[in-house]
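See below for the structure under consideration.
The values are calculated or read from the model by the stated rules, or taken from the named source; none is laboratory data. Everything numeric here is computed off the predicted structure, so don't read it as measured data. Here the Cβ is made from the backbone with ideal geometry for all residues, glycine too, and neighbour counts use every protein chain on show. The area values use the complete protein model at the heavy-atom level, side chains included, leaving out ligands, DNA and RNA. Shrake-Rupley method; radii C 1.70, N 1.55, O 1.52, S 1.80 Å.
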Amino acid sequence: MNKPVDPTTLEIPDAPLYASAKKVYPKSVHGTFRNIKWGLMAFCLGVYYLLPFVRWDRGPGSPSQAVLVDFPNRRFYFFFIELWPQEVYYFTGLLVIAAMMLFLTNAIGGRIWCGYWCPQTVWTDLYLAVERLIEGDRRERMRKAKSKLTPRRIGEITAKHAIWLFIAWWTGGAWVLYFADAPTLVKELATFEAPTAAYIAIAILTFTTYTLAGHMREQVCIYMCPWPRIQAALTDEWALNVTYRYDRGEPRMPVPQAKELRAKGLPSGDCINCRQCVAACPTGVDIREGAQLGCIQCGLCIDACDAMMTKVGRAPRLIAYDTEVNIKRRLEGLPPIYRFIRGRTLIYVGIIAITGLIMLYSLASRSLLGINVLHDRNPLFVALSDGSVRNAYTVRFLNKRPELRSIALTVAGVPHPTVHVIGEEQADRTIVAVGPDQTREVRVLVTVPPGAKLDKSTPVTFTARDVGSGETVTESEHFIAQ
Amino acid sequence: MEKQEIDVVTGTATTGHQWDGIKELNTPLPRWWVWVFYATVVWSVLYWLVYPAWPLVSGYTRGLFGYSSRANVAAEITALHTLRGEKAVALASASLEEIEKNPALLAFARAQGKAAFGDNCAPCHGVGATGAKGYPNLNDDDWLWGGTLPAIYQTIQYGIRSGNPEARENQMPAFGKDGVLTRDQVLQVASFVRSLSGQAARPGADLGAGKKIFADNCAVCHGEDGKGNQELGAPNLTDRIYLRGSDEAAIIDIINNGGGGVMPAWTGRLDPATLKSLAVYVHTLGGGK
């Protein structure tokens, strides 16, 4: 039951809850983590933009694109794997693995996804690089934001948005290439002969990329994305996170003051309060306030701080990948310890391994022949003039191989059944031809001769056997009499 | 402007109206609501201009867009014909046997036939073509006029006792009503007919006499052995499928009163491709010869 609250005890804030966003002008930095981020950005964008053009020979009649989502023919191709719509559950496995990888990396090295791999981060980084190239670094951009519009300034703004839109358009353009033969679609797009859906998809992706990476940036991470909230509940004191080592940095003070205190043998921190870490931060947070929702742990503040520490002649890595445990231990004068094998990491690895093995097994052992059987609903059975009983079924054969196959259909479970496939010659063993990578639906009549003792409903088994390879699949149905 | 009086209890302004000392509180509609209302008024006026709206003495205002739901239907029907396209053309030109041999055409014909059957045939023959008393079951292998593809096609095209010059015609005489057979003779022949399909005869019935009556009156159409004649539409009396029931009363009734049902002719009502689809559909239900 809800507990009633006395209205007088409710605190109502005077200030509005809405706070308008402060524009962030991240400063450019150089260093280890910046280089890692450049490398990963090149890799991610390279894969995204070029993958549709990778070819993979599947023989005649099949698409030769390595990664292709073929909606018209309802197929998904990934290199040597071809999935049919009824196998889409494999993606469930992929999603489970993806989620567990996210949790695992988080338990070991913090928000590695957010800082380095997330499309929002990668594209925002790219857009920032463009902005910096055209408008200059942090100080210049802040100055220009306040200054009056001059023709030169208008030129800069136009150039920046033009390049942003070009990247956004190219992003949308690459997206649609995953859904059709890439070289063909590029030609069609260039000659304005592509399907309308392609242009609409490009327009939508252009809009979202331009908006999210150009204008919303850190707002996406702070307000839109659910992961920071979940991440906060999943991290622990053993996880490496981008951390301000307050054990070493506090109390903060300028260099001359620190010199004075150190001469007297008094405690002084290494942090000189230069705020370079804040200036470099793409989400505009102060890492010295500790782990927080806005921090995507990209490591750029580490580079910014290291540069400053080197300048003032102090040891680098005042901000570094570190754990809460080790900071506490250093404060107590103990050596740092690392523990990556913990309960939670073992569980994550276990789930990844089990899911992966199940997927591999089911992928390797899946049948490339299929049969679905549906009993006629009306009539359930037909009594023939000689007293025999007949049931009709709709049978669909699935041939997942790229060649024509002959499928032999047999029915067992009732006495002396005769099987007649409509449109095929009647024979002891009915053979049905099913085209390459196709399904075929046939109407099948199963007749039991008079005199046979039949229950109201008898389970029967339909067996489809590939005459060539001997591959066999079965499906259960019922034979209805009375 | 007059100063508004504030109601002490609610803190709301009054309208200044008073009835028997009761004052009316002024609680106007929310401003946004009023504006939405005005917007709908403007919208409706624009709607009248743009779409068909007002009835006139003969006709109606047609609107600026020239919208017409009738034209839309016509366009959809044209689109449907375009959509069916090649297969419909192939269906119209292929023979019935060719359709059944070609899996793609067969599937197309069965789908079209099923839809046409539901629209035109199901009222009598049932959705599953299982028929009813007096209406044949089309799933079984017992056919009055033949179960081959051409025979079924013929029946669908011209019907039975439909009045069409090509229609299948026959007549079961009313032996009892017209006084051809006496009451006793009807009972005797009825017992004999039942015995043809292995059913129990009435106790004390003279099957020999029945057999003689059958040979004299019935064998002309139903054959000496009672196996019927599809040329004449005479039912096989030796199997277990009886159109109007195989119990004695039903058999006596038909010997007494004769008669036969009517199946309409569908030529002219349905286009040739649909007629073919129907023939293929019925033939592939299972009973086709």
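How large is the helix-only mean residue ellipticity at 222 nm for chain B, computed as the sum of -39500 (n - 2.57) over DSSP H runs with n ≥ 4, divided by its residue count, in deg cm²/dmol to the nearest 500?
Estimated from H runs of four or more residues: -14500 deg cm²/dmol.
Are there GluC sites (Glu not before Pro) in segment B:1-45 that DSSP puts in a loop and that have at most 14 other Cβ atoms within 10 Å, and which ones?
Those that pass, being in a loop and sparsely packed, are B:Glu2, B:Glu5.
Using a 1.4 angstrom probe and counting only protein chains, how large is the accessible area of B:Glu166 in Å², to 10?
Spelled out: B:Glu166, probe radius 1.4 Å, area about 100 Å².
What are the equivalent ellipsoid semi-axes of chain A, built from the alpha-carbon gyration tensor (square roots of five times its eigenvalues), in whole angstrom, biggest first?
So the three semi-axes of chain A are 64, 30, 22 Å.
For chain A, what does -39500 (n - 2.57) per DSSP helix run (n ≥ 4), summed and divided by total residues, give at 222 nm, in deg cm²/dmol to the nearest 500?
Using -39500 (n - 2.57) per qualifying helix, the result is -12000 deg cm²/dmol.
Please work out the average accessible area per residue across segment B:1-67, using the 1.4 Å probe convention, and give it in Å².
Solvent-accessible surface per residue comes out at 94 Å².
Taking segment A:445-477, which trypsin sites (Lys or Arg not before Pro) meet the DSSP loop condition and have no more than 14 other C-beta atoms within 10 Å?
Within segment A:445-477, the qualifying trypsin sites (Lys or Arg not before Pro) (loop, at most 14 other Cβ atoms within 10 Å) are A:Lys453, A:Lys456.
Let me check against my output: what whole-number percent is the relative contact order of chain A, with C-alpha pairs under 8 Å and at least 6 apart?
Averaging sequence separation for qualifying contacts and normalising by length gives 14 percent for chain A.
Could you run the Karplus curve 6.51 cos²θ - 1.76 cosθ + 1.60 with θ = phi - 60° over segment B:9-16 and give me ³J(HN,Hα) per residue in whole Hz, x for Gly and Pro?
Couplings: 5, 9, x, 9, 5, 9, 7, x Hz.
Taking just the alpha-carbon atoms of segment B:93-145, what radius of gyration and Dmax come out, in angstrom?
Calculated on Cα positions, Rg and Dmax stand at 12.9, 37 Å.
Within chain A, what's the longest run with no chymotrypsin sites (Phe, Trp or Tyr not before Pro) in a DSSP loop and at most 16 other beta-carbon atoms within 10 Å? Give the range, please.
A:193-337
Which percent of Cα pairs goes in each bin when the distances of segment B:183-257 are cut into 10 angstrom slices starting at zero?
Bins of 10 Å from zero give 21, 59, 19, 1 percent of pairs.
Rounded to the nearest 100 Å², what's the accessible area chains A and B bury against each other, both chains counted, probe 1.4 Å?
Buried area (both sides, nearest 100 Å²): 1300 Å².
Please report how far the C-alpha centroid of segment A:341-413 lies from that of segment B:205-231, rounded to the nearest whole angstrom.
Distance between centres, Cα-based: 54 Å.
Averaging over all projection directions, find the projected area of the Cα convex hull of segment B:90-244 and quote it in nm² with one decimal place.
Projected over every direction and averaged, the Cα hull of segment B:90-244 covers 11.3 nm².
Rounded if a/c is under 1.5, else prolate if a/b is larger than b/c, else oblate: which is segment B:56-150, with a ≥ b ≥ c the root eigenvalues of its Cα gyration tensor?
Oblate.
Which loop trypsin sites (Lys or Arg not before Pro) in segment B:25-105, with loop taken from DSSP, have no more than 16 other Cβ atoms within 10 angstrom of their Cβ?
B:Arg62
Tell me, what HN-Hα J-couplings in whole Hz come from the Karplus equation 6.51 cos²θ - 1.76 cosθ + 1.60 at θ = phi - 60° for each residue of segment A:306-311, using x for Gly and Pro?
4, 4, 5, 4, 4, 4
As a test question: what accessible area, to the nearest 10 Å², does B:Glu231 have when a 1.4 Å probe is rolled over all protein chains in place?
150
Taking 20 Å² as the minimum loss, tell me which residues in segment B:267-289 lose that much accessible area going from the chain by itself to the full protein complex (1.4 Å probe).
Relative to the lone chain, where solvent access is computed with a 1.4 Å probe, segment B:267-289 loses at least 20 Å² at B:Thr284, B:Leu285, B:Gly286.
So if I take the centroid of the Cα atoms in segment A:110-179 and the same for segment A:460-480, what is the distance between those two points in Å?
Centre-to-centre distance over Cα atoms comes out at 59 Å.
Using a Gaussian network for chain B with springs between C-alpha atoms less than 10 Å apart, which of these wobbles most: B:Thr12, B:Thr155, B:Thr238?
B:Thr12
Please compute the per residue accessible area over segment A:72-147 with all protein chains in place, 1.4 Å probe, rounded to a whole number of Å².
51
Output the 0 to 90 degree angle, nearest 10, between the alpha-carbon long axis of helix A:32-50 and the longest principal axis computed from the alpha carbons of chain A.
30
Using a Gaussian network for chain B with springs between C-alpha atoms less than 10 Å apart, which of these wobbles most: B:Pro150, B:Pro103, B:Pro264?
Looking only at B:Pro150, B:Pro103, B:Pro264, the largest GNM fluctuation is found for B:Pro103.
Considering only protein heavy atoms and a 1.4 Å probe, what is the carbon-and-sulfur percentage of the accessible area of chain A?
65
Cross-link candidates for A:Lys37: which aspartates and glutamates have Cα within less than 13 Å, leaving aside residues fewer than 8 places away along the same chain?
A:Asp125, A:Asp303
Quick one: accessible surface of A:Met224, probe radius 1.4 Å, all protein chains present, in square angstrom to the nearest 10.
For A:Met224, the solvent-accessible surface is approximately 110 Å².
Could you work out the Kirkwood radius for segment A:369-480, taking every pair of different alpha carbons, averaging 1/r and inverting it, reported in Å?
Final number for the Kirkwood radius of segment A:369-480 is 14.3 Å.
Determine the order of A:Ile163, A:Ile296, A:Ile200 by accessible area, beginning with the largest, at a probe radius of 1.4 Å.
Output order, biggest surface exposure first: A:Ile200, A:Ile163, A:Ile296.
Cα centroid distance between segment B:243-282 and segment B:46-118, in Å?
Spelled out, the Cα-based centre of one part sits 30 Å from the other.
Rounded to a whole number of µm²/s, how large is the Stokes-Einstein D of segment B:1-67 at 10 °C and 1.306 mPa s, given Rh as the Kirkwood radius over C-alpha pairs?
Stokes-Einstein gives a translational diffusion coefficient of 99 µm²/s.
Can you work out D for segment A:32-233 in µm² s⁻¹ from Stokes-Einstein, where Rh is the Kirkwood radius over C-alpha pairs, the temperature is 4 °C and the viscosity is 1.567 mPa s?
66
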